[in-house]
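The values are calculated or read from the model by the stated rules, or taken from the named source; none is laboratory data. All figures in this text were calculated on a predicted structure; none of them were measured in a lab. Note that each Cβ is placed from the backbone with ideal geometry, even for glycine, and that neighbours are counted across all protein chains shown. Accessible surface areas use protein heavy atoms only, side chains included; no ligands, DNA or RNA. Shrake-Rupley method; radii C 1.70, N 1.55, O 1.52, S 1.80 Å.
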Amino acid sequence: MQRFKTEAKMYTSKRIKGDIYYVGVNDRKTERFENMWPIPRGVSYNSYLIMDEKVALIDTVEISFVEQYLKKIETVLKGRSIDYLVVDHIEPDHGGSIRMIKNRFPDITIVGNKKTFDMLDGFFSMECNKLEIKEGDSLTLGKNELQFYTAPMVHWPEVMVTYNATEKVLFSADAFGTWGTLDGGIFDTDINLDHIWDEMRRYYSNIVGKYGSPVQKALSKLSGLDIEVICSTHGPIWTTDIPKVVGKYDTWSKYEPEESGVVIAYGSMYGNTEEMAETIANAISENGVKNIVMHDVSKSHASYIISDIWKYNGLIIGSPTYSNQLFPLVQALLDKIKIRGVKQRVFSYFGSYAWSGATHKHFQQFAEEMKWDVVGIPVEEKLRMNDEKLQECLSLGAAMAEKIKSV
Ligand code: FEO
């Protein structure tokens, strides 16, 4: 059964439900999201049109795609205009085309909250019709009634979500989004989701991960709504997988690991610290743990390490001493973990030095700041592995394996 109508013109548009159409675009050109995070599978910037007596556009797209975007919109509008632009999130990957939409539809009314308009003025300094909404306000388009709920810090302070009470569709801004383009299908039911879950966690942990408490508040607020479809600003339209997606957000925002396993992240200039990492990993394996993920911080982008730290309950970090500090990329990883306030991880560490060791001091301070207990006896070696340090690494691995199996 064909659930949506594909309309052939320059670009196709897809009907989601009732009067709601998908008019988003795919970005396969950008190397790094926010100019930081690698997106080898690209990203979609999702936008939606509601074609009722009044026409509403939900969010826009990144400015580089505005020409394609306007053509997609025109395909659905068939000569009509747009009455409202609802700005759920003004970050430029979604707010980037607001000015062009205003230029194309000069009488449009922009719908947002007070914080939205503070940012709109800052970004665009443009005269426009404004409808400032407050928590729980609604807007009737004809058949479709839109209700607005603020969701501050999921992921910016002005974020709100729009609930179409008529169709039971939630426009959720960044929430429940993921990296990865929509290659043909747009619904979760039409896509092979195998790669999506890892990318969704990587997106969540790196982009939204710091804001666990606001996400919990938003989930609580939305729990009373009857939601049949979730339309995020990135990634698939969620229909059948809504319980799984909401469950993952609940787990992640509580900083609860998904599985028992150990991430070993290390820096190593000449292989000696890496040898410690390998020895510890072998000991963990010998003690019955299958989920062991190793990252050389000089090769793995930190976004993948952070995502794995979100997934597993055990974490061991290793570093050589470098200018009396930690290896710079290890320190950068610790900073990312600290900023995100990761909780409840079983932690230990190891290090090496050539003439003066400093890693234990820095790792211990990090563990105290994170309020994490340290498992086993951390190891620090001078210059290279010897029999004593080998045994210490084996003991550390065994202690970690025993601990993660018990929590
Ligand atoms: Fe997809 Fe927070 O922007």
Heavy-atom accessible area ranking, 1.4 Å probe, most first, across Lys54, Lys311, Lys78, Lys336: Lys78, Lys54, Lys336, Lys311
Suppose R0 equals 45 Å. What FRET efficiency, 1/(1 + (r/R0)^6) with r the Cβ-Cβ distance, do Lys115 and Gln365 give to the nearest 0.05? 0.80
Which Cα, out of Val169, Trp252, Tyr266, lies furthest along the positive dipole direction of the chain (beta carbon charges, K/R +1, D/E -1)? Val169
Assigned charges on the beta-carbon of Lys, Arg, Asp, Glu; the stretch 1-129 dipole about Cα centre (debye): 640
Selection from Ser47, Gln68, His89, by position along the positive dipole direction of the stretch 4-253 (Cβ): Gln68
For Lys14, which sequence-distant residues (separation of 5 or more, or a different chain) have an amide H within less than 5 Å of its own amide H, given hydrogens modelled in the peptide plane? Tyr22
By DSSP, what percent of the beta bridges with both residues in the stretch 50-208 are antiparallel, rounded to the nearest 5? 55
With a 24 Å threshold on alpha-carbon distance, the violating pairs from Lys78/Lys143; Lys71/Lys114; Lys336/Lys371; Lys17/Lys254; Lys311/Lys405 are Lys71/Lys114; Lys17/Lys254
Percent antiparallel among DSSP beta bridges with both residues in the chain, to the nearest 5? 45
For the stretch 259-406, the dipole about the Cα centre with charges only on Cβ (Lys and Arg +1, Asp and Glu -1), to the nearest 20 debye, works out at 520
Return a whole-number percent for the relative contact order of the chain, with Cα pairs under 8 Å and 6 or more residues apart as the contact set. 11
Show me the three semi-axes of the equivalent ellipsoid for the chain, from the C-alpha gyration tensor (sqrt of 5 times each eigenvalue), largest first, rounded to whole Å. 47, 20, 19
Using θ = phi - 60° and the Karplus curve 6.51 cos²θ - 1.76 cosθ + 1.60, what whole-Hz ³J(HN,Hα) does each residue of the stretch 91-99 get, with Gly and Pro shown as x? 3, x, 5, 10, x, x, 9, 4, 4
Give a residue-ordered list of calculated ³J(HN,Hα) values for the stretch 49-61 (Karplus: 6.51 cos²θ - 1.76 cosθ + 1.60, θ = phi - 60°; whole Hz; x for Gly, Pro). 10, 10, 9, 10, 3, 9, 9, 10, 10, 9, 6, 10, 10
Please list, ordered by chain and number, the residues whose modelled amide H lies under 5 Å from the amide H of Gly261; skip anything fewer than 5 residues away on the same chain. Asn313, Gly314
If Leu146, Leu219 are ordered by their accessible area, calculated over protein heavy atoms with a 1.4 Å probe, which sequence runs from highest to lowest? Leu219, Leu146
Alpha-carbon centroid distance for the pair the stretch 293-328 / the stretch 74-130, whole angstrom: 42
Computed for the stretch 4-253: size of charge dipole around the Cα centre, +1 on C-beta of each Lys and Arg, -1 on C-beta of each Asp and Glu, debye to nearest 20, value 240
Got a sec? Charge dipole of the stretch 168-269, +1 on Cβ for Lys and Arg, -1 for Asp and Glu; which of Leu222, His195, Pro243 is way out at the positive end? Leu222
Taking the alpha-carbon set of the stretch 24-89, what are its Rg and Dmax in Å? 13.6, 42
For the stretch 234-341, percent of DSSP beta bridges that are antiparallel (nearest 5) comes out at 15
